[in-house]
Amino acid sequence: MHRFHVVALCLTFSIPAWPQATLSGRVLTREGDPIAGATVRIEERNLSTDTGEDGAFHFADLPASAVTVFGGAPGFYMSDKTVVPLDRNPEATLEIRLEPRETVHQTVVVTGTQSEHLAVDAPVRTNVITGLSCERNVSRTLSEALTSTVSGVRVEANCQNCGFLAVRLNGLEGQYTQVLEDGLPAYSGVSMVYALEQIPTEFVDTIEVVKGGASSLYGPNAVAGVINLVRREPQSTRFTVDAQGGWQHGRPESSAGASAQLNELPLEFSGDLYFRTLRRTPIDRNQDGFSDMPRRSMTAGGGTLYRRFLDGRARLAAGATVIDEFRRGGDRMHLAPALTEITEMADSRRTGGFFRFNHTLNASTFYNVASSLHYLRRHSYYGAGYDPHAYGDTGNPLWVSDLQLGHQQGRHTLLAGYQFQRERVRDHMPAYARAFDNTFLSSGIYVQDEWSPAAGLTLVGGLRADKSSTLGHWVFSPRGNVRYALDEHWNVRLGISTGFRAPVIFDEDLHVTAVGGQGFLLQNAPGLREERSRSYNASLDYLGELAGRPFQAGLSFFWTSLSDVHVLRETLLDSDYRLFERVNGAGSRVRGAEIDWAWSLDESLTWRGGWTLQQSRLTEPEPRFDSLRYFRTPSSYGFTGIEAALPLGLSVIANCDFTGRMLVPHYAGYVPDDRLERTPGFTVFNVVVGKTLDFRDSRKVRFYVRAGNLFDRFQPDLDRGPQRDSGYFYGPTAMRSITTGMTISF
């Protein structure tokens, strides 16, 4: 079988001979200063390169024909497209001048098709959160970066004891979303239990969010979409140090971090190093002696080395990460867990490394090779009632490899690839008779054709075939997208995709919720089949001006149906714990619409927002509460906010985040019987006020104050005492907080 996989990738393309040409030049500001780190792209060949410190760029081994060239850089508008006739001038030079941009701007994205596109031109609609935006909003972790930034994305709190967070894309639960690093799935279902709060933003250049099944490049667990963390490659040498401290609901918390972008290391390497640490004390909001927010401490660090070869046509990136985290919730935290009425505790370390090699063989053919290996080790205690056996130990190595081969043939960009994933889950917890050691293997083969038959029209079609060790058959998933530019301002996109979710270990399976003084366990039922999905999406986007000011907006429609959907059925109830099995239900559907906008009202004021309306329904009632509605899924939610630059170097970022009413299961313990609760809606207001001092040699110091959840809107009906249902917890993700901090860049 493995021989078949290799043969499927050995694709041979006929490469015609052509006269060779070169293109060189510089990227400058309008005043004539060089721009380091600008990206220059040749449209017809899908080639790009970055400028050095002197703003210079160079392309070699080009065919002697006319090519279309444009460039861009952070903080600048994209240049106009210029046609360079290499057939008449095979050693052409070009000077590109860029204009500084205002807040509303275009961004280069890669997630949708693995090809670089301006966001406005990308055939797959992509939302982007920049590293600069994370810095301005004081978003130090992935969960903070995803809050109040992208329509259709909602971060939710799920546990009153341990503070477990999950992310939903267009209403689908967290296990339907795949989190990537540079396009590679680096987070297992087990590591995603607490990963949203563990992943720092220091190493991120952009966070790209693609909703829906979208591209054939991404496999199982990408039914709702993907969140791709694109690493930052240094273009200059720069250091940043920050520290912040404050209070959440009157309880102290602190964080500090540092990063170093090193552009001139020995042997022509460049590097990006980062470090983040935080400390948070537990919060008992209702004063019942049991925490409502856990105690947390985390230390994370890592780095990536980059090296370019062959005049920039080959690139190597290799790096490593370490994340240590301790979290504990419950009562009497000064005692050992077995001496308490409730404790949920996890002491984990995630270590890993990766490498990626990209090589452009010539103007038409390239290949990418990437692999990562991560290992999660977690010591835990999920128990109630002074249980001495509720300690657990989990080991979770994850190996992922990906090989891609691409070829440009006229107006077609062909991409073929093979992905392999091996995950082992070893878990031992005596109190719940849980002891297993399972290995899950999955293989995926995909082909994709990106075709531009006419100006403004792009068609992307692909087919993916996946085989999981938990299934006895291959699963085929065709996908396609169309983008058509009505004119220079308006774009229409249509997409259809199919996908599936195999019955493997999911994030919440190794997290034991305490309910009514008992453990509350989830596991897969024997014979559980994969879920199948079909997704449709359509969008209309505008990029231009409104009332003479830069304006962009989008209106999107989405529809996803699931068959053999996984639902919970209680199978065991005794004096020790309650066991729920995940079984196949009939099906479900999610449909809705979303709108987002960004309007630069003047040079110092920008208004942003996003709103989602949706309906999520099962085709047959789920077995426990006889409900057709999705749990924890509001029918409306969104955000809006402003960014203002004030005199004297002051800045203000203010936003509000709204979550509508939803149904949440409430299990017996503190309440007498299992029941469904209809929660109230809530609106959270946040403000960041900062002042930046600029010094010579690009040195900057920023002071800021952040007020989160200003009016302290929080769940009003928290369960109390040792019999509480810790899973009856629906947000927001934080209480009122005040944070002051300082960032130094030099």
In segment 626-649, is there at least one residue being at pLDDT 95 or above, more than 30 Å from VAL689 (Cα to Cα) and open to solvent by 60 Å² or more (accessible area, probe 1.4 Å)? no
Does THR201 satisfy the criteria of being of a type in the set (Ser, Thr, Tyr), open to solvent by 10 Å² or more (accessible area, probe 1.4 Å) and under 30 Å from LYS700 (Cα atoms)? yes
Check segment 672-686 and report whether any residue there is among the aliphatic types (A, V, I, L, M) and farther than 30 Å from GLU603 by Cβ. yes
Among the residues of segment 297-316, the number that are more than 20 Å from SER372 (Cβ to Cβ), assigned to a strand (DSSP E or B) and over 22 Å from the mean Cα position of the chain (by Cα) is 3
Taking the criterion of being open to solvent by 10 Å² or more (accessible area, probe 1.4 Å), touching a residue at least 60 places away in the same chain (Cβ under 8 Å), under 20 Å from PHE639 (Cβ atoms) and not β-branched (Val, Ile, Thr), would at least one residue in segment 210-219 satisfy it? yes
Pair list, Cβ under 8 Å, 6 or more apart: segment 77-96 residue closer than 17 Å to THR29 by Cα, other residue in a loop (DSSP other than H, G, I, E, B): TYR77/GLU99; TYR77/ARG101; TYR77/HIS105; TYR77/GLN106; MET78/GLN106; LYS81/GLU43; ILE96/ALA38; ILE96/SER79
Residues that are open to solvent by 30 Å² or more (accessible area, probe 1.4 Å) and modelled with pLDDT of 90 or more: find the strands (runs of 3 or more DSSP E) completely inside segment 476-538 holding 1 or more of those. 490-501
When you check GLY189 against the structure, is it farther than 18 Å from GLU135 by Cβ and surrounded by fewer than 24 Cβ atoms within 10 Å (Cβ to Cβ), yes or no? yes
If a residue must be open to solvent by 50 Å² or more (accessible area, probe 1.4 Å) and under 30 Å from ARG724 (Cβ atoms), how many such residues does segment 350-384 contain? 2
With THR743, THR683 as the choices, which residue is modelled with pLDDT of 95 or more, under 29 Å from the mean Cα position of the chain (by Cα), open to solvent by less than 40 Å² (accessible area, probe 1.4 Å) and over 18 Å from CYS656 (Cβ atoms)? THR743
Mind counting the residues in segment 251-292 that are of a type outside the set (Lys, Arg), closer than 16 Å to ARG328 by Cβ and open to solvent by 20 Å² or more (accessible area, probe 1.4 Å)? 5
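The values are calculated or read from the model by the stated rules, or taken from the named source; none is laboratory data. Note that the coordinates shown come from a computational prediction; the quantities given were computed from them, not determined experimentally. Methodologically, a virtual Cβ is constructed for each residue, glycine included, from the backbone with ideal geometry; neighbour enumeration extends over all protein chains shown. With ligands, DNA and RNA removed, areas are computed over all heavy atoms of the protein, side chains included. Shrake-Rupley method; radii C 1.70, N 1.55, O 1.52, S 1.80 Å.
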